[in-house]
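As structure tokens, the structure follows; a few thoughts come after it.
The numbers here are math on the coordinates, done by the rules we state, and not lab data. Values in this document were obtained by computation on a predicted structure and should not be read as measured data. For neighbour counting, all protein chains shown are included, and Cβ atoms are generated from backbone atoms with ideal geometry for every residue, glycine included.
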Amino acid sequence: DTAVSQTPKYLVTQMGNDKSIKCEQNLGHDTMYWYKQDSKKFLKIMFSYNNKELIINETVPNRFSPKSPDKAHLNLHINSLELGDSAVYFCASSQKPGTSRGNSPLHFGNGTRLTVT
Amino acid sequence: AQSVTQPDIHITVSEGASLELRCNYSYGATPYLFWYVQSPGQGLQLLLKYFSGDTLVQGIKGFEAEFKRSQSSFNLRKPSVHWSDAAEYFCAVGAFSSASKIIFGSGTRLSIRP
């Protein structure tokens, strides 16, 4: 009965490769996110999708391309991986901000640790 | 621009002692405030949230936080910590907006001394 699940948990790959991380939520939420956590534990939002529509797109290299086939899924594809992409990537979901007052806390997956060598 | 500051990078307290983790925010409107906890190798779990009303908020695992608008603070407290409370704690701020994004502080690592 996992609420937000992401796969894989660990991903080790070489520079220049292309990889994808998958995320699924069964909470019935409308909004999904990708966050990046660096080696110093700093969490930074990358993207936000509401019902398959891109809402937030922070200053992220266009090698990163999110894809939302439906509102329960938000996948992250990364092209031409670089050493600096090594981090833990968290998927999260919430009710749509600005609608159900008090229901906007994020629910996180357990993260995908990406190591680029 | 909104921001969150957690001035303490690492805190060590003895088991059974009281705890206070500091959080200061900068926000142009009425903020929504959160505290999350991250155990090693895990995602973030919501401890508590403040949206409006009573400024003293109760959360899970015996934690509470107090919103002080005059000080732009939302400090997390627990009267008596347990060894299982050792983790990374994140304060976060958001807004009631369709384009809202939740901004996280840099985290405070809590260690428990036996």
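Any idea what the dipole of the protein assembly as shown comes to, in debye rounded to 20, about its Cα centre with Lys/Arg Cβ at +1 and Asp/Glu Cβ at -1?
140 debye
Over the Cα atoms of chain B, what radius of gyration and what Dmax do you get, in Å?
Spelled out, the Cα radius of gyration and Dmax of chain B are 13.6, 45 Å.
So if we plug the beta-carbon distance of A:Lys52 and B:Thr5 into 1/(1 + (r/R0)^6) with R0 = 35 Å, what FRET efficiency do we get, rounded to 0.05?
So the FRET efficiency works out to roughly 0.50.
First measure r as the distance between the Cβ atoms of B:Ile60 and A:Phe42, then evaluate 1/(1 + (r/R0)^6) with R0 = 25 Å and state the FRET efficiency to the nearest 0.05. Don't skip to the end; give the middle numbers.
On the way: r = 24 Å, r/R0 = 0.97.
The calculated FRET efficiency here is 0.55.
At what distance in nm do the modelled label points of A:Arg113 and B:Trp83 sit from each other, each positioned 7 Å from its Cα along Cα→Cβ?
2.3 nm
Dipole magnitude of chain B about its Cα centre, charges +1 at Lys/Arg Cβ and -1 at Asp/Glu Cβ only, in debye to the nearest 20?
Numbers: 10 positive and 8 negative charges, 32 e Å.
Dipole size: approximately 160 debye.
What are the semi-axes of the equivalent ellipsoid of chain A, taken as the square roots of 5 times the eigenvalues of the Cα gyration tensor, listed largest first and rounded to whole Å? Don't skip to the answer; put the middle values down first.
Numbers: eigenvalues 115, 38, 34 Å².
Rounded to whole Å, the semi-axes are 24, 14, 13.
Rounded to the nearest 5, what % of the DSSP beta bridges within chain A are antiparallel ones?
Values: 36 of 40 bridges.
Here the share of antiparallel DSSP bridges comes out near 90 percent.
Which of the lysines could be linked to A:Lys22 by a straight reach, that is with a Cα gap under 18 Å, when you skip same-chain ones fewer than 8 residues away?
Within the straight-line cut-off, A:Lys22 pairs with A:Lys9, A:Lys36, A:Lys52, A:Lys67, A:Lys71.
Choose one of B:Phe63, B:Thr30, B:Ala92: the residue whose Cα lies farthest towards the positive end of the charge dipole of chain B (beta-carbon charges +1 Lys, Arg; -1 Asp, Glu; about the Cα centre).
Among B:Phe63, B:Thr30, B:Ala92, the one farthest towards the positive end of the dipole of chain B is B:Thr30.
Using only Cα atoms, figure out Rg for the protein assembly as shown and give it as a multiple of 2.2 N^0.38 Å.
1.01
Could you tell me how far the Cα centroid of region A:1-67 sits from the Cα centroid of region B:1-62, in Å?
Value for the Cα centre distance between the two parts: 23 Å.
Full-extension gain between A:Arg63 and A:Val12, please, as 0.36 nm times their residue separation minus the C-alpha to C-alpha distance. Let's see the in-between values first.
Values: separation 51, 0.36 × 51 = 18.36 nm, distance 1.76 nm.
Length gained between A:Arg63 and A:Val12: 16.6 nm.
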